[in-house]
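Undergrad: First the structure, then my questions, so here it is.
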Amino acid sequence: MAIINVTPDSFSDGGLHDNTVAAVSHALQCVEDGAQILDIGGESTRPGAAPVSADEELARVLPVIRELSGRTGALLSIDTYRASTALAAVEAGAHIINDVHGLQREPEIADVASRFGAGLCIMHTGRGREKLADPIEDQRWFFARSLAIAEAAGVAQETIMLDPGFGFAKETVEENMVLLSRIEELHDFGLPLLVGTSRKRFLGSITGRDASERDAATAATTVALRLKGASVFRVHNVAINRDALAMADAMLAAQGRIETAGSAKT
């Protein structure tokens, strides 16, 4: 999943693709690099970012979605928490709704997903509330609420992905690393996991590098998370993460052959 920020103020690439021509060109390059999903957003979700109106968000993302829907076979995702934006985006050609508030800011967004049979990414966040002390228990509590909203709206379970929300109100490096090291515990939900560590601040704290220099660290987390069963990777640099995934999948395939051979001998 390639990140297509049609924004002037995103933490890593704000202003680089903040018009339709630049965003579409970048998106098509991401497809060439191996992206299968293009996640298009019109409002920065970095801490402290200025909110934008629904009209401004639509003005940024709809022309990009309409243009891409006729130029690529990649799946198009709308990165929004607004039900009105999700509706307009799906009508314009988006296939997936990616909600960073996990349906809990505007629950009506689940109705849009249900009505159109759109894919639905439910992201965990701790913003605006007191979290449970254990990171995984907080994930379980949050996702239980979100999935109840989805179920009440009639969203088909096979359309849902869960995103643990690295960096979203995970205030310390340790909290992010605990989540990374224990993420396989979330497989109990029986749903695919989408992960987004790309260029996040906790990677900079560990490596000492600025946001634009964190692609290698991102790729390292991509390998680690793939080995723990994550399915979709939301990234800025598609090419390096495709290579990282190729190596991780080769390792998993080799491990599978070894286990099969061991079982045959017994």
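The values are calculated or read from the model by the stated rules, or taken from the named source; none is laboratory data. Just so it is clear, the model here is predicted, and its values are computed rather than measured. Backbone-built Cβ (ideal geometry, glycine too); neighbour counts: all protein chains shown. For accessibility, only protein heavy atoms count, side chains too; no ligands or nucleic acids. Shrake-Rupley method; radii C 1.70, N 1.55, O 1.52, S 1.80 Å.
Undergrad: Would you mind telling me which residue in Ile240, Ile206, Ile78 has the biggest mean-square fluctuation in a Gaussian network model of the chain, where springs connect alpha carbons within a distance under 10 angstrom?
TA: Of the options given, Ile206 has the highest mean-square fluctuation.
Undergrad: Here is a follow-up. Can you give me the pair-distance distribution of the stretch 2-264, C-alpha pairs, 5 Å bins, whole percents?
TA: 1, 6, 13, 17, 20, 18, 14, 7, 3, 1, 1, 0, 0
Undergrad: Then there is this: Read phi for every residue in the stretch 113-123 and hand back ³J(HN,Hα) as whole Hz from Karplus 6.51 cos²θ - 1.76 cosθ + 1.60, θ = phi - 60°, with x for Gly and Pro.
TA: My calculation for the stretch 113-123 gives 4, 5, 4, 9, x, 6, x, 9, 9, 9, 9 Hz in order.
Undergrad: Mind checking the full-extension length gain between Glu151 and Arg182? Use 0.36 nm per residue of separation minus the Cα-Cα distance, one decimal, nm.
TA: Taking 0.36 nm per residue and subtracting the Cα distance, the gain is 8.5 nm.
Undergrad: Could you state, as a whole-number percent, how many of the C-alpha pairs of the stretch 185-266 are farther apart than 14 Å?
TA: When all Cα pairs of the stretch 185-266 are counted, 66 percent exceed 14 Å.
Undergrad: At a probe size of 1.4 Å, how large is the accessible area of Phe142, to the nearest 10 Å²?
TA: Using a 1.4 Å probe on the heavy atoms, I get roughly 10 Å².
Undergrad: Can you give me the distance in nm between label points at Met247 and Leu227, each placed 7 Å from the Cα along the Cα-to-Cβ direction?
TA: 1.1 nm
Undergrad: While we're looking at this one, here's another question. Taking Cα atoms, how many degrees apart are the long axis of helix 215-227 and the longest axis of the chain, rounded to 10 and kept between 0 and 90?
TA: Helix 215-227 sits roughly 60 degrees off the main axis of the chain.
Undergrad: Using alpha carbons only, how many angstrom separate the centre of the stretch 228-244 from the centre of the stretch 194-218?
TA: First find each Cα centre; the distance between them is then 13 Å.
Undergrad: For n ≥ 4 DSSP H runs only, could you compute -39500 (n - 2.57) per run for the chain, divide by its residues and tell me the 222 nm figure to the nearest 500?
TA: It lands at -15000 deg cm²/dmol.
Undergrad: Next up: Taking the chain as a Gaussian network, Cα atoms linked when under 10 Å apart, which of Ala148, Ala211, Ala253 shows the biggest mean-square fluctuation?
TA: Top of the fluctuation ranking is Ala253.
Undergrad: Next up: Can you give me the Cα centroid spacing of the stretch 161-177 and the stretch 100-125 in angstrom?
TA: 19 Å
Undergrad: Write down the accessible area per residue of the chain in Å², having rolled a 1.4 Å probe over the full set of protein chains.
TA: 45 Å²
Undergrad: Okay, moving on. So what's the angle, to the nearest 10 degrees on a 0 to 90 scale, between helix 83-92 and the longest Cα principal axis of the chain?
TA: Tilt relative to the chain: about 90 degrees.
Undergrad: Using the per-residue mean of other Cβ atoms lying within 10 Å as a proxy for protection, in what order, highest first, do the peptides 81-94, 216-229 fall? Numbers along the way, then the final one.
TA: Numbers: 81-94: 21.9, 216-229: 19.1.
Order by mean packing, descending: 81-94, 216-229.
Undergrad: Follow-up question, since we're still on this one. Counting only protein heavy atoms, what percent of the accessible surface of the chain is carbon or sulfur at a 1.4 Å probe?
TA: Exposed carbon and sulfur together represent 52 percent of the surface.
Undergrad: While we're looking at this one, here's another question. Can you give me the relative contact order of the chain as a percent, contacts being Cα pairs under 8 Å and 6 or more apart?
TA: 15 percent
Undergrad: Would you mind checking the tilt of helix 20-32 against the longest principal axis of the Cα atoms of the chain, expressed as 0 to 90 degrees and rounded to 10?
TA: 20 degrees
Undergrad: Still on this structure: In square angstrom, rounded to the nearest 10, how much accessible surface does Ile149 have for a 1.4 Å probe?
TA: For Ile149, the solvent-accessible surface is approximately 40 Å².
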